[in-house]
Amino acid sequence: MKFKSFIIADRGWNLTCFLASVFSICAMIVFTSGNVIAQRLAILTPDERSSSQAVAELIKDALSDRFRIEDLDLVRTAAETVKIESPYNLSVSDARAVGAVVGAPYIILIKTGELRRTSADVEEYYEAFAAVYIVHSSSGSLIDWKLFSVTGASPELARTSLDAEPKSIANHIAESIAANEMNARSKVTINRFPPMPKSASKDPDALKPPMPYRRIRPDYAPTANLYSVRATVEIEVDIDAEGRIVNTEIVRWAGFGLDECVIETVRKMNWRPATIGNRTLPMRVLLRYNFVKIDKDEDR
């Protein structure tokens, strides 16, 4: 069989150039796909519940065609070398430390539980849930958090229903990681302001930190309230010389909607900029918010 060469006159391409372009595109697709499949992932169940480990195994199987999943037992053993009190409420530095020992670009934290519930329609039923934290190892940031929840007439039925969720969980994890990789390519580097020095001075002309004109307490997120979450959220805020918020960054995350509540609250506040004498200047300040459910839920 003979092929005739031809020229696309308006483009100035001949068949050879055209085919070379097609092969280049195909190679790019294969290379990109290979990167996705070769991307390493560590799945961790710090609560050591058997249900968490079972869900983790199912998620591992569901993701195995898209990622290289590290051995779950080895990941757990490595993570235990980093002494962390609240593994689901990590500072970014602690998350980076865990990421360094498990050796994967992303860490998936899984937390499961079963709860007795009541409603106006049903006197008693049970909920089984899986909270999924997707952490970027090198930055320590929580790039996504999602709650998967099912119900049943008994704890056993609810747990059985939860075992059917890993495919949905796996798809969500893959989509979140893909979105984070894409955003990272277009992310603009932000020049952070200098932090407030730790040492304070009583000199009236000394450096004074940024201060809100009126402090606002963040709401206790409805999801956090429903699951009686106790956590601390820390946020760094860059405030310019005019008192405007230029950037915020969560440096201790909690999930359950609490991080978003803190960001929203901080941005609602009007700020007095940092000063030294009569001069204002840009500065970064660290804010800490503690969340705890005060009222006792008798159904728990």
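The values are calculated or read from the model by the stated rules, or taken from the named source; none is laboratory data. Note that the structure is predicted; figures quoted are calculated from it, not measured. Don't worry about glycine lacking a Cβ; one is built from the backbone with ideal geometry, like all the others, and counts go over all protein chains shown. Note: areas computed on protein heavy atoms with side chains; ligands, DNA, RNA excluded. Shrake-Rupley method; radii C 1.70, N 1.55, O 1.52, S 1.80 Å.
From the square roots a ≥ b ≥ c of the eigenvalues of the alpha-carbon gyration tensor of the range 169-245, which class results: rounded (a/c under 1.5), prolate (a/b over b/c), or oblate?
Oblate, because a/c is 1.5 or more while a/b does not exceed b/c.
Can you figure out the FRET efficiency of Ala100 with Asp71, using R₀ = 22 Å and their beta-carbon distance, to the nearest 0.05?
Approximately 0.80, to the nearest 0.05.
With a sphere of radius 11 Å drawn around the Cβ of Arg284, what net charge do the other residues whose Cβ falls strictly inside it have (Lys, Arg +1; Asp, Glu -1)?
Local net charge: -3.
Apply 1/(1 + (r/R0)^6) to the Cβ-Cβ distance of Leu281 and Ser138, taking R0 = 25 Å, and write down the FRET efficiency to the nearest 0.05.
0.20
What pairs in Lys208/Lys268; Lys83/Lys146; Lys83/Lys293; Lys60/Lys187 have C-alpha atoms more than 28 Å from each other?
Lys60/Lys187
May I ask for the net charge around Val98, where only other residues with Cβ less than 12 Å from the Cβ of Val98 are counted and Lys, Arg are +1 while Asp, Glu are -1?
Net charge in that neighbourhood comes out at +1.
Filter the GluC sites (Glu not before Pro) in the range 108-205 down to the DSSP loop ones having no more than 11 other Cβ atoms within 10 Å, then list what survives.
Those satisfying the criteria are Glu123, Glu124.
Which of Ala131, Ala100, Ile110 sits farthest toward the positive end of the charge dipole of the range 74-136, with +1 on the Cβ of Lys and Arg and -1 on the Cβ of Asp and Glu?
Value: Ala100.
Specify whether the C-alpha gyration tensor of the range 105-238 places it in the rounded, prolate or oblate class, a ≥ b ≥ c being the square roots of the eigenvalues: rounded for a/c under 1.5, otherwise prolate if a/b is larger than b/c and oblate if not.
Taking the square roots of the gyration eigenvalues as a ≥ b ≥ c, the range 105-238 is oblate.
Using a 1.4 Å probe, what is the accessible area per residue for the range 151-300, in Å²?
62 Å²
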